[in-house]
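The values are calculated or read from the model by the stated rules, or taken from the named source; none is laboratory data. Given the structure is predicted, the values throughout are model-derived calculations rather than measurements. Quick note on the areas: whole protein, heavy atoms, side chains included, nothing else; ligands and nucleic acids left out. Shrake-Rupley method; radii C 1.70, N 1.55, O 1.52, S 1.80 Å.
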Amino acid sequence: MTTLTRTATPATRRAPLLPALGQLVLAELGRMVRNPMFALGTVGFPIMFFGLFGLPAVKETTSGGANVGQIILVSFGTHSLLSLAMFSFGSAVATERRGGWLRLLRASPMPTALYFAGKVIAALLFSALALSLLYAFAHFAGGVTLPLGLALTLLVKLLAGMVSLIAVGLSIGFLANPQSAQILANIVSVIVAFASGLFVPLDGLPAFMQRVAPYLPSYHLARLGWGTLAGQGGAGQTGGEVTHWLWLAGYTLVFGALAIWALRRDEARGQ
């Protein structure tokens, strides 16, 4: 008499997520470092701009007693984050879509969310490096000094606020083709930076730009930094620090939802 025995189905094993996330972060950081134009635009240009426009004014003070060198440091630091978000999440994601990388990713066991988490973490790490190098240049070349607590507070606030810029970059990457995304990334990183008062004080810009500026995310991110320097969180600018965070959160939600919708559209089309 033959006895049938039921064999246990082997449990499905999933690769640990943390090691996979670490590899994704390292790969993304490697991509950034290996691209000289990316590093030049996000690290080199802000340092160059500070050398050209910041160093001659580092000893000056505003009518309110704020140090001009510190203000310019925050301005060009914000521009660095803006450029990194546009090129790393705008043009780069558009290129990966067109190249079929995201389609291959969906066919693999790795969660799509892990891919984006790796890109965001890598962008924040690279941004922290870019801001540190900019501050090091301003400190050693121009004597701009920030107390450690203030410097760390600025760093945390700017990186947290950068999430809204990443959402904008992602929406560009999923809605545009690589050529259009490259153009949009350049437009946003340069024209929007000017319109936000990062290169020229707002009172020196045309009246229509002054009216547009409060609707731009880089404006509110820079205001957070400038307000932190003044010790008042931007009070008297657009209603205080809470208002700036609300604007940035709104940008994150709106453009994040737009990016998710565009991603779902690509999945439905099999792209």
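For region 157-164, the Karplus equation 6.51 cos²θ - 1.76 cosθ + 1.60, evaluated at θ = phi - 60°, returns couplings of 5, 5, 5, 5, x, 5, 4, 5 Hz by residue, with Gly and Pro reported as x.
Against the main long axis of the alpha-carbon atoms of the chain, helix 17-34 sits at an angle near 50°.
Give the relative contact order (percent, whole number) for the chain; include only Cα pairs under 8 Å separated by 6+ residues. Write down the numbers at each step before the final one.
Details: 315 pairs, mean separation 63.3, N = 271.
Result for the chain is 23 percent.
Leaving out ligands and nucleic acids, note down the accessible area per residue over region 67-192 with a 1.4 angstrom probe, in whole Å². Walk me through the numbers on the way to the answer.
Numbers: 4750 Å² over 126 residues.
So region 67-192 comes to 38 Å² accessible per residue, rounded to a whole number.
Ordering Val93, Val200 by how much accessible area each has at a 1.4 Å probe, largest first, what is the list?
From most accessible down to least: Val200, Val93.
Once the Cα atoms are used to define both axes, helix 178-187 deviates from the longest principal axis of the chain by about 20 degrees. Whole-Hz Karplus values for region 58-63 come out as 5, 8, 7, 10, 7, 5 Hz, taken residue by residue from phi with 6.51 cos²θ - 1.76 cosθ + 1.60 and θ = phi - 60°; glycine and proline positions read x. Residue order by solvent-accessible surface for Met48, Met37 is Met37, Met48, largest first, with ligands and nucleic acids left out and a 1.4 Å probe.
Using heavy-atom solvent-accessible surface (probe 1.4 Å) with all chains present, what is the largest-first order of Lys119, Lys157? Spell out each step's value before the answer.
Working: Lys119 5, Lys157 40 Å².
Greatest to least solvent exposure: Lys157, Lys119.
Over region 166-265, what relative contact order in percent results from Cα pairs under 8 Å that are six or more residues apart?
Numbers: 90 pairs, mean separation 34.0, N = 100.
After rounding, I find 34 percent.
When every Cα-Cα distance of the chain is counted in 10 angstrom steps from zero, the calculated P(r) takes the values 7, 28, 32, 18, 8, 3, 2, 1, 1, 0 percent.
How large is the helix-only mean residue ellipticity at 222 nm for the chain, computed as the sum of -39500 (n - 2.57) over DSSP H runs with n ≥ 4, divided by its residue count, in deg cm²/dmol to the nearest 500?
Numbers: 12 runs with 178 residues, N = 271.
Mean residue ellipticity at 222 nm (helix-derived): -21500 deg cm²/dmol.
The HN-Hα couplings worked out from phi for region 246-263 by the Karplus form 6.51 cos²θ - 1.76 cosθ + 1.60 (θ = phi - 60°) are 5, 4, 5, 5, x, 4, 4, 5, 5, 6, x, 5, 5, 5, 5, 4, 5, 5 Hz, whole numbers, x standing for Gly and Pro. Please grab the % of Cα pairs in region 123-233 that end up more than 17 Å from each other. I get 63 percent for the Cα pairs in region 123-233 exceeding 17 Å. Taking every C-alpha pair closer than 8 Å and separated by at least 6 residues, the mean separation divided by the residue count of region 56-136 gives a relative contact order of 30 percent.
Viscosity 1.567 mPa s, temperature 4 °C: give me the Stokes-Einstein translational D for region 21-153 in µm²/s, with Rh taken as the Kirkwood radius over C-alpha pairs. Mind dumping the intermediate values first?
On the way: Rh = 16.3 Å.
Stokes-Einstein gives a translational diffusion coefficient of 79 µm²/s.
Helix 68-86 and the long axis of the chain differ in direction by around 30°, with both axes built from C-alpha atoms. Amide H contacts of Thr61: Val68, each under 5 Å away and 5 or more positions distant or on a separate chain (H built 1.01 Å from N in the peptide plane; Pro and chain starts excluded).
Round to a whole number: what % of the accessible area of the chain belongs to carbon and sulfur, probe 1.4 Å? Walk me through the intermediate numbers first.
Values: 9530 of 13940 Å².
Within the chain, the accessible surface is 68 percent carbon and sulfur.
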